[in-house]
Amino acid sequence: MAKCSSNKFDSSLYAKLFDETCAQQLQINGEICGVDTANNLLGALIAPLKIEAMYISFLSLVYVLMMLQLGGIVVPAGSHLATFFWFLNAALLCVQMFVPLLYVMLIVGAFTRARMDLHECVRPMDDNLGLIEVVAFTTFVFQPVVLSQIILITVYFSAFIESVKVFCGSYKIDPRFGIKWCICGGPYVRIPDLDTENMSIDLTMMGSFLLRFLIPLVFVFLALWVISLSWVFGLVFFLPVCLVAFCLHLVTMKAICSGYSWLEKKRVQSKLKGVKKEVLNTLWWAPHEFLATWGKKSGEHTPFTFILMIAYAPLVLSPLIVFGALMAVHVYAGHSPEDNMELVRLVYEFTYESLTDLASMVRSLRLLGVFGVNLAQIGPAVLAVIEALVSLQDSTVETYLVATKGCALINFFLVVVKSILSALVQLLDAWMAFAKPVPFSVIAAANRPEKWVEAVKLTIPAKKNPAGASLDGIEA
C-alpha cells in the first residue's frame, strides 16, 4: 500500500487537467500515489506561472547576469598557466550551456513518464489526447520551466562569444574566416546588401545561434499558438497577469538602475574602491536595459547588451501564451460557458494565491529551489542526474524531477567555481604579474579586432605578452 504525502491536489486548477478522484485511487506500481505524481508534475510545469514565481525567476536571471560577469574574463596572456585558466573558464561556460539542455531533457522525461502513469486520470480533449498533453505540446518552449533554461543557454553563449573576443585580442587573431566557420558550424548566412565578411563576430556568432537554433525552435511552437487562435483567448482573459508581472519587473529594473547611478557617483574609502568597481562591472548593462531606460534614450547597444535586454521578455509573456492555450483547448473540448469562465477564475486564483495564502507562497518558492540551496549536496545532485540518465526507462516522475533540481544545483555550483577562478586570477595578478581579467563592459563594446587588442593591452603588464607576441597594434 502506497503512502501518500497528500490526498488532494495542491490547487483546484489541477483538477481541470486531471481527475482528482481517479488520482486519489491510483497507485503506481503499488508504491507511488497518483495525487503525488500529479502534484509533482504540475508543480514543475504550472507553478512557475504564479506571480511570485515569475518575479523570483526574473530576480534569478538578474543574479545570474551579475555572477556571470563577476571578475571579468580571464586573459590568456603571459604564461601557459594563464592560457590554461582561459580554457578552463571557456570550458565552464560550455558546461553551463549543456546543463540546461540536460535539464530540459529530464523535464521531457518526467512528462513522458507521467503520461504513462496518469493516463487513466487525464481530462480528455478527444478520444486520443488529453487537455494537459495538447497544452504541453503546443506551448512547450514557452513553459517557464523550459523557457528559463533556453534563456540561460542564450546568455551563456553570449558570454562565450565575449571570451572568444578576448582570446582573439590576446593573440591578434582576425576571425573573419576560421573561428567564425568553426564555431558557427559552417558558412554563416549571407544577407543581401550586408557586408557579412566584415561583420562583427558578436553579430555573426549570435546570428548563427539564433537562425540555426533559437528562431526555428520558437517559430514552430509560436505558429501552433497562432494557428490555434490561443492568442485571442490569452489577450482577452490573461493579459492583466502579464501586465502585473511587467510592472514588477519595471520597478525592479528602475531600482537597479538608480542604485547603479548612485553607486557610480558615491565616494567610498580607498579600501572599498575595489569592491565598488567590481559591483559596477557586474551591473554595467543595467543602464542600457529596456525596462531601465523606459521613456528615455538608452544610448548605443552592443549585441551582448541586446541579448541581456530582451532575455526577460519571454518570461513576462509566458502566462498569456500558456494560459491562453489552456483556455483555447478547454473551449474546443466542448465545455459550457460556465465551465470556461470557472477556468478563468481558477487561473486567477492560482496566479495570485500567495497574496492570501502564505503557505502557498512558501510551497511555490520551495519548488523553485529558493530554499535549501546547499553546495555540500553537489555530490548527491550529480548522482541523482546520473541515476536518472542511466535508468531512463525505469525512472519515476519524482526521480526525473529530483534530477532537474540536481541540474540547477550543478549550475549554481559552476557559477561559484567561475567566481573563485576569477578571484584566483586576481591574486595571481598581484603575485605573478598576470594579466588582469577584462571586464565584460570593455570587451562587449569592442566590435573590431583592433579594439579587442586595445582592451586586452590595458590589462597586460608591460613585461608580459601572449605567446611572446607584440601587442603594439593590429591591422584593421
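The values are calculated or read from the model by the stated rules, or taken from the named source; none is laboratory data. Remember, it's a predicted structure, so these values are computed and weren't measured experimentally. Please note: Cβ atoms are built from the backbone with ideal geometry, for glycine as well, and neighbour counts cover all protein chains shown. Please note that ligands, DNA and RNA were not included when accessible areas were found on the heavy atoms of the full protein model with its side chains. Shrake-Rupley method; radii C 1.70, N 1.55, O 1.52, S 1.80 Å.
Which value in Å is the Kirkwood Rh of the range 1-148 over different Cα pairs?
Values: mean 1/r = 0.0550 Å⁻¹.
For the range 1-148, the Kirkwood estimate is 18.2 Å.
Which entries of LYS266/LYS457; LYS172/LYS436; LYS165/LYS273 have Cα-Cα distances beyond 23 Å here?
Details: LYS266/LYS457 29 Å; LYS172/LYS436 18 Å; LYS165/LYS273 28 Å.
Too far apart for the 23 Å limit: LYS266/LYS457; LYS165/LYS273.
What accessible area per residue, rounded to a whole number of Å², is obtained for the range 1-115 using a probe radius of 1.4 Å?
On the way: 4450 Å² over 115 residues.
Spelled out: the 1.4 Å probe surface of the range 1-115, per residue, equals 39 Å².
Give, as a single signed number, the net charge of other residues whose beta carbon lies under 13 Å from the beta carbon of LYS8, with Lys and Arg counted +1 and Asp and Glu -1. Could the numbers behind the result be given before it?
On the way: positive: none; negative: ASP10, ASP19, GLU20, ASP36.
Summing Lys and Arg as +1 and Asp and Glu as -1 gives -4.
Ranked from the most accessible area to the least, with a 1.4 Å probe and all protein chains present, what is the order of PHE413, PHE157, PHE238? Working shown, then result.
Values: PHE413 75, PHE157 25, PHE238 0 Å².
Final ranking, largest accessible area leading: PHE413, PHE157, PHE238.
Put a dot 7 Å past each Cα toward the Cβ at LEU235 and PHE87; how far apart are the dots in nm?
Going from the PHE87 label point to the LEU235 one covers 5.4 nm.
Can you give the accessible area of GLU398, probe radius 1.4 Å, in Å² rounded to 10?
Rounded to the nearest 10, the figure is 80 Å².
Restricting the calculation to Cα positions, tell me the Rg (one decimal) and the Dmax (whole number) of the range 238-281 in Å.
For the range 238-281, the Cα-based Rg and Dmax read 15.7, 52 Å.
As a test of reading the structure, rank HIS119, HIS330 by solvent-accessible area (1.4 Å probe, protein chains only), most first.
Values: HIS119 115, HIS330 5 Å².
Largest accessible area first, the list is HIS119, HIS330.
Ranking request for peptides 80-88, 312-320, 277-285: highest mean number of other beta-carbon atoms within 10 Å first, then the rest in descending order. Please list the in-between numbers first.
Values: 80-88: 15.9, 312-320: 21.2, 277-285: 18.0.
The packing order, highest mean first, is 312-320, 277-285, 80-88.
With every protein chain present, what accessible area does SER5 have (1.4 Å probe, heavy atoms only), rounded to the nearest 10 Å²?
110 Å²
Counting pairs of alpha carbon atoms under 8 Å apart in space and at least six apart in sequence, what relative contact order in percent does the range 99-164 give? Numbers along the way, then the final one.
On the way: 24 pairs, mean separation 27.3, N = 66.
Computed value for the range 99-164: 41 percent relative contact order.
Quick one: with all protein chains in place, what share of the accessible area of the range 40-179 is carbon or sulfur, to the nearest percent (1.4 Å probe)?
Working: 3310 of 4680 Å².
The C+S portion of the solvent-accessible surface of the range 40-179 is 71 percent.
Among 147-156, 92-101, how do they line up from the highest to the lowest mean number of other beta-carbon atoms within 10 Å? Intermediate values should be presented prior to the final figure.
Values: 147-156: 21.8, 92-101: 18.0.
Per-residue Cβ counts within 10 Å, averaged per peptide and sorted highest first, yield 147-156, 92-101.
Return the long-range amide H neighbours of ILE28 (sequence gap of 5 or more, or a different chain), with a cut-off of under 5 Å between placed amide H atoms.
Those lying under 5 Å, H to H, from ILE28 are CYS33, GLY34.
Work out, step by step, the length gained on full extension between LEU389 and VAL275: first 0.36 nm times the residue separation, then minus their alpha carbon distance; give nm to one decimal.
Values: separation 114, 0.36 × 114 = 41.04 nm, distance 4.20 nm.
That works out to 36.8 nm of additional length.
Highest mean first, how do 244-254, 15-25, 207-217 rank when packing is the count of other Cβ atoms within 10 Å averaged over residues? Can you show the working numbers first?
Details: 244-254: 17.0, 15-25: 18.5, 207-217: 15.3.
Per-residue mean Cβ counts within 10 Å order the peptides as 15-25, 244-254, 207-217.
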